[in-house]
Amino acid sequence: MTMQSLAKPAAPARKINWSDHASQFGALGVLIVICIVFAIIEPAFVSPINLFNVLRQVSIFGLLALGMTFVILTGGIDLSIGSLLALSGLVGAAVYKGGTGLLSAGTAGQAQGFGLWPAIGAAVAVGLLGGFLQGTAVTRLKVPPFIVTLGGLTAFRGAALLFSSGQPISTFTDEYKFGGQGMVGPVPVPVIIFLTFAILAFIVLRYTRFGRRVYAVGGNPEAARLSGLNVNGIVLSVYVITGFFAGLSGFLLSSRLNSAEQVAGVGYELTVIAGVVIGGTSLFGGEGGIFGTVIGILLIGVLNNGLTLMNVSPYYQQILVGLIIVFAVYLDQLIKRRR
């Protein structure tokens, strides 16, 4: 027996799964390339003021996208977040100002209101209630999420109009505006809030039992049920989570704009869904994560900001985002087929 025959056969080289890498890091690569291109074409793009402005602009969308990620991971969808944001912002502002009789007060001040924290609590409570109602309709009434949240899109917007009699609530004190306009050093407060919740959401999905159950339900609901998981409870919880972020975002947007309006959040659901899908979260559930969502939202924000600096019409920007959504879904299906 020769020495060669005694030698152990070489282990086969491990093949690199390019599909997994494309799904996880493709959006990040595109974001880096776009940033380099914009920096070359328009040097003002990389100025600290502009970069923080981009982060401030995407923070509201980012918070909504965090909640949307949980919903889409279970195979659901939420089209009502923009309308729920508007209703939450109006309720929170009314609590702060002191009721619907002071909606159009022209002077800054709390008037006879209940203070900042009750206002934030009221906005979040409305969001939680809206999410709970929709989650209950999906789980108990067995109505498809698309239909439930499409109805919510109209119902919450109508409730916002009814609550405020079609009038905006504006002119707040500096205390109220700090959440949307304040700075901690050079960093805008909304950016700090967004990044804080992004880290928390990442930890929940990646390292907790609840996060693993969310992925399990999205991957195969029937298998999850047979494994003993409370599928309805998990689905209900993700809509409540989305409602929480809608309520918080409603307060922050009214704080940033110094006005709570019935038209706030119109079209936000499309941008948010686009960011989540571009970030690699599958519309069919069970795949994706918070890191990709943050990258996807940043990608849309950078595109809009860079194109604006280049004086490109916002109409073209909407067309571009729409095409990116279609391409992202196509890429997701292509990767699944290759696997």
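The values are calculated or read from the model by the stated rules, or taken from the named source; none is laboratory data. Computed from a predicted structure; not experimentally measured. Because the Cβ atoms are built from the backbone with ideal geometry, glycine has one as well, and the counts that use them run over all protein chains shown.
It is to be established whether one or more residues within the range 194-213 are crowded, with 18+ Cβ neighbours inside 10 Å and farther than 21 Å from A246 by Cα.
Yes, that holds for at least one residue.
Filter the range 177-208 for residues that are outside any helix (DSSP H, G or I) and either of a type outside the set (A, V, I, L, M) or under 18 Å from the mean Cα position of the chain (by Cα) (or both) and give the result.
Answer for the range 177-208, where residues must be outside any helix (DSSP H, G or I) and either of a type outside the set (A, V, I, L, M) or under 18 Å from the mean Cα position of the chain (by Cα) (or both): G182, G185, P186, P188, T208.
Show the residue pairs that are 6+ apart or on different chains and have beta-carbon atoms under 7 Å apart, the first residue being within the range 38-49 and surrounded by 13 or more Cβ atoms within 10 Å (Cβ to Cβ), the second being assigned to a loop (DSSP other than H, G, I, E, B) and among the hydrophobic types (A, V, I, L, M, F, W, C).
Qualifying pairs under 7 Å: E42/M310.
Restricted to the range 250-271, and to residues that are of a type in the set (S, T, Y) and assigned to a helix (DSSP H, G or I), which residue is modelled with the lowest pLDDT?
T271
If only one of G211, G247, G243 is closer than 21 Å to D78 by Cα, without any contact (Cβ under 8 Å) to a residue 40 or more places away in the chain, outside any loop (DSSP other than H, G, I, E, B) and touching a Leu at 6+ places or on another chain (Cβ under 7 Å), which one is it?
Step by step, each of G211, G247, G243 is checked, and only G211 is closer than 21 Å to D78 by Cα, without any contact (Cβ under 8 Å) to a residue 40 or more places away in the chain, outside any loop (DSSP other than H, G, I, E, B) and touching a Leu at 6+ places or on another chain (Cβ under 7 Å).
Name the pairs: first residue in the range 180-201 and among the hydrophobic types (A, V, I, L, M, F, W, C), second residue modelled with pLDDT under 95 and part of a strand (DSSP E or B), Cβ to Cβ under 7 Å, at least 6 apart or on different chains?
Once the first residue is among the hydrophobic types (A, V, I, L, M, F, W, C) and sits in the range 180-201, its partners that are modelled with pLDDT under 95 and part of a strand (DSSP E or B) give V189/M183; I192/V184.
Go through (1) over 24 Å from the mean Cα position of the chain (by Cα); (2) modelled with pLDDT of 95 or more; (3) not small (G, A, S) and name the single condition T171 misses.
Against the list (1) over 24 Å from the mean Cα position of the chain (by Cα); (2) modelled with pLDDT of 95 or more; (3) not small (G, A, S), T171 comes up short only on (2).
Which of the residues spanning the range 307-339 are of a type in the set (S, T, N, Q) and either part of a helix (DSSP H, G or I) or at pLDDT below 80 (or both)?
Listed by number, the residues that qualify are T308, Q317, Q318, Q333.
Has the range 39-53 got any residue that is among the charged types (D, E, K, R) and either at pLDDT 85 or above or in a helix (DSSP H, G or I) (or both)?
yes
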